[in-house]
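To keep things clear, I will list the structure first and then write my remarks on it.
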Amino acid sequence: IKMAGDSRFPDMDTDGSEKSEEMEIVVNVGGVRQVFYGDNLNQYPETRLAELVNCLSGGYDSIFSLCDDYDPGKREFYFDRDPDAFKCIIDVYYFGEIHMKKGICPICFKNEMEFWKVDLKFLDDCCKAHLSEKKEELEEIARRVQLILDDLGVDASESRWKRCQKCIWKFLEKPESSYPARVIAVLSFLFILISSVVMCVGTIPDLQVVDAEGNRMEHPTLDSIETACIGWFTMEYVLRLISSPNKLHFALSFMNIVDVLAILPFYVSLTLTHLGAKLMELSNVQQAVQALRIMRIARIFKLARHSSGLQTLTYALKRSFKELGLLLMYLAVGIFVFSALGYTMEQSHPETLFKSIPQSFWWAIITMTTVGYGDIYPKTTLGKLNAAISFLCGVIAIALPIHPIINNFVRYYNKQRVLETAAKHELELMELNSAEGKATGSRSELEDLSREGKEGPFYSSRIKVSHSDTFIHLLSEEKHYRTRLQSCK
C-alpha cells in the first residue's frame, strides 16, 4: 500500500511541487505508454492529465483519486482504460480538436472523454453527428423496451374502463401481443385485399348488371361484399378511436386519415343515392357518386399498416427528399432545354408535331424517361439528334440519384431490424437477471418491475441488466450495471 510521504515518492521542490511547465510524466493506458510535458497539458488545466501534473504534492489521496496505480520510481501513472480512444483524445493537446477513430463506439468514446475530463466541444462536427445518431438509436431501443414493459404490466389503480381501453388498443394495434390479436390483424389484411379485388372486378362489363334506367352498375353480390368490408373497416376504426390514449394525435395520423378516406366515400355515396336525388338532378348525383367511388383506391394504402416493408419504404423516401429533389431538378432542366430545342428545330418541317414549347414539354418528358409513346416525334435530322441526346441525358439524370435512394432504404431497413433485435435482447437480459434474484424466475417479476417503472420518468432502478457492453441511461439509474448495448466493439 502506498502512503503519502512514502520515501519512494519523488523529491519535491521547496515550494512543494516541481515546475509544472518543465515536468515530464508518463501515462500507461491499457499497456500503451505515452510521455507528456507539463506545458502541453496545462493548456487545458481542467482535464485529468493536467491534474496529474500537480497531484504529486497531494500525496496518496490526490494521486490515486486520479489514476488506478502509480509507480514512483518511473513516475508512471497507470489507467485501466481503452488505449485506442485515449490515442484520439490526446489530440486535443496538440491540435485543439478530437476525431474518433473508425470502429470506436461513439457512446463509449463519449464516456472516455468524460473520464479524461475533456469537453465535448472539442469533438469535431463530423464525429458529433455519429454520436447523435447513436444516442437516437439507444433512445429508440429504450422506447421500444418501455412500450413492451408497459404492455406486460397492468396498473391495479386504473379504472376498469382504462384497463378495457388498453386491452382493446393492444388487441387492434399490436398483433404481436397475443394470438387473437394476430388473427385480427390477418383478418383485417384479408378484408383489405378482398375489398380491393371487388373494386377492380366490379368494373368488368360482363359482371355488371343493367338497372331500370339502362345504366350499368355493379353486381349486387359484389356490392354486398363491399358493404361487409366497409362494415369491418368502420368497426375497426371506431374501436381504435375509442381505445386510443391520445385521440387528437390518432385522428391526425396519416394512416388514420387514409382509413377515413377509405370509409367515407361509401357513406357519402349512400347518402347521395338515397337523399341527393331530392335535392339535385339525378345525373349530378350519379356523377358525384362515381367521383366518390374512385376514392375507394385509398383503401389499398391501408396495407401499409400491416406491411413493415411499405412502412420502411415510406420512411426511406422521407429520408431521401434531397435526392428526390435533385432528380426532379435534373429532369426539369432537361425537359425545358430539350423541349425548347425540339420546338426550334422542328419549325422548318411543314408537318411538324411541335406546335408550341409547352406542348413540347410532354414530348421531352416521355423521351427523357424512355417511355416514348410515339404520339409526338421529330421529323428533321437535327430534331432526331436532339431526341437522341435528350433520352441519353434522361437515363443519366435518373440513374445518378437512384443509388443514394437505394442506400437510404437499405440502411433504414437494416437499422430497424437491428433496433428490434436489440430491444428483444435487452428484455431477455432483464428477465434473465431478474430470474437470478428469485429461484422461480417467473415472468411476473418483470411485470412488477414494469409497474414500478411507471412511478418516474425512467425505469425502475431494480431492473438489473447483464454485465455486458453498453449502458442505456434510460433503462436503469445504476450506472455500474451494463447492458448488451453499452459498447459496439
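The values are calculated or read from the model by the stated rules, or taken from the named source; none is laboratory data. The structure displayed is predicted, hence computed values, not measured ones. For neighbour counting, all protein chains shown are included, and Cβ atoms are generated from backbone atoms with ideal geometry for every residue, glycine included. In case anyone asks, the SASA skips ligands and DNA or RNA and just uses the protein heavy atoms, side chains included. Shrake-Rupley method; radii C 1.70, N 1.55, O 1.52, S 1.80 Å.
Between SER57 and LYS128, what FRET efficiency follows from the Cβ-Cβ distance if R0 is 35 Å, with the result rounded to 0.05? All intermediate terms of the calculation are to be shown ahead of the outcome.
Details: r = 37 Å, r/R0 = 1.06.
Calculated transfer efficiency: 0.40.
Using a 1.4 Å probe on the protein chains only, how many percent of the accessible area of region 311-430 belongs to carbon and sulfur? Intermediate results must be reported in sequence, preceding the final value.
Details: 4970 of 7180 Å².
Of the solvent-accessible surface of region 311-430, carbon and sulfur hold 69 percent.
Given region 311-430, what count of lysine pairs have C-alpha atoms under 21 Å apart, with each pair 8 or more places apart or on different chains? It would help to have the intermediate numbers written out before the result.
Working: LYS318/LYS415; LYS322/LYS415; LYS355/LYS379; LYS355/LYS384; LYS415/LYS424.
Lysine pairs, 8 or more places apart or on different chains, close enough: 5.
Once you compute Rg and the Kirkwood Rh from C-alpha atoms, what is the Rg to Rh ratio for region 24-147? Can you show the working numbers first?
Working: Rg = 16.3 Å, Rh = 15.7 Å.
We get a ratio of 1.04 for region 24-147.
Protein chains only, probe 1.4 Å: how do ASP259, ASP82, ASP61 rank by accessible area, largest first?
On the way: ASP259 5, ASP82 35, ASP61 115 Å².
Descending accessible area places them as ASP61, ASP82, ASP259.
In nm, to one decimal, how far is the VAL26 label point from the LYS379 one, both placed 7 Å along Cα→Cβ?
9.3 nm
Please give the length that would be gained between LYS322 and ILE357 if that part of the chain were fully extended, namely 0.36 nm times their separation in residues minus their C-alpha to C-alpha distance (nm, one decimal). Show your work: numbers first, answer last.
Details: separation 35, 0.36 × 35 = 12.60 nm, distance 2.87 nm.
Extra length from LYS322 to ILE357 when fully extended: 9.7 nm.
Mind checking the per residue accessible area of region 300-363 for me, 1.4 Å probe, whole number of Å²?
62 Å²
Heads up, I need the accessible area for VAL201: 1.4 angstrom probe, whole protein in place, Å², nearest 10.
Counting only protein heavy atoms, VAL201 exposes about 40 Å² to solvent.
In whole percent, what relative contact order does region 68-208 give with Cα contacts below 8 Å and a gap of six or more residues? Let's see the in-between values first.
Numbers: 79 pairs, mean separation 15.3, N = 141.
Relative contact order here is 11 percent.
Residues in region 377-418 near a label at MET329, defined as backbone nitrogen under 14 Å from the 7 Å Cα→Cβ point?
Zone members listed by number: 401.
Taking the Cα atoms of region 311-430, report the difference between the largest and smallest coordinate on each principal axis, in whole Å and largest first.
Principal-axis extents of region 311-430 (Cα, largest first): 81, 21, 20 Å.
Write out the GluC sites (Glu not before Pro) in region 151-247 meeting two conditions: DSSP loop, and at most 11 other Cβ atoms within 10 Å of their Cβ.
Working: sites: GLU158, GLU173, GLU176, GLU213, GLU218, GLU226, GLU236; in loops: GLU158, GLU213, GLU218.
Within region 151-247, the qualifying GluC sites (Glu not before Pro) (loop, at most 11 other Cβ atoms within 10 Å) are GLU213.
Can you give the net charge of the other residues whose Cβ lies under 13 Å from the Cβ of LYS355, counting K and R as +1 and D and E as -1?
On the way: positive: none; negative: GLU346, GLU351, ASP375.
So the environment of LYS355 carries a net charge of -3.
With every protein chain left in place and a probe of 1.4 Å, what is the accessible surface of TRP362, to the nearest 10 Å²?
Ignoring ligands and nucleic acids, TRP362 comes out at about 110 Å².
Which GluC sites (Glu not before Pro) does region 38-98 hold that lie in a coil by DSSP with at most 14 other beta carbons within 10 Å?
GLU46, GLU97
Counting only the heavy atoms of the protein chains, how much of ASP375 is accessible to a 1.4 Å probe, in Å² to the nearest 10?
About 80 Å², rounded to the nearest 10.
Karplus couplings for region 185-194 from phi (6.51 cos²θ - 1.76 cosθ + 1.60, θ = phi - 60°), rounded to Hz, Gly and Pro as x?
Result, ordered by residue: 5, 5, 4, 4, 4, 5, 4, 5, 5, 4 Hz.
Could you check how much of the accessible area of region 24-147 is carbon and sulfur, as a whole percent, using a 1.4 Å probe? Could the numbers behind the result be given before it?
Values: 2710 of 5920 Å².
Of the solvent-accessible surface of region 24-147, carbon and sulfur hold 46 percent.
Ordering VAL210, VAL92, VAL32 from largest to smallest accessible area (1.4 angstrom probe), what's the sequence?
Details: VAL210 90, VAL92 5, VAL32 45 Å².
Ranked from most to least accessible, the order is VAL210, VAL32, VAL92.
Set the Förster radius R0 to 22 Å, insert the Cβ-Cβ distance between LYS74 and PHE115 as r into 1/(1 + (r/R0)^6), and round the FRET efficiency to 0.05. Before the final figure, lay out the partial values.
On the way: r = 23 Å, r/R0 = 1.03.
That gives a FRET efficiency of 0.45.
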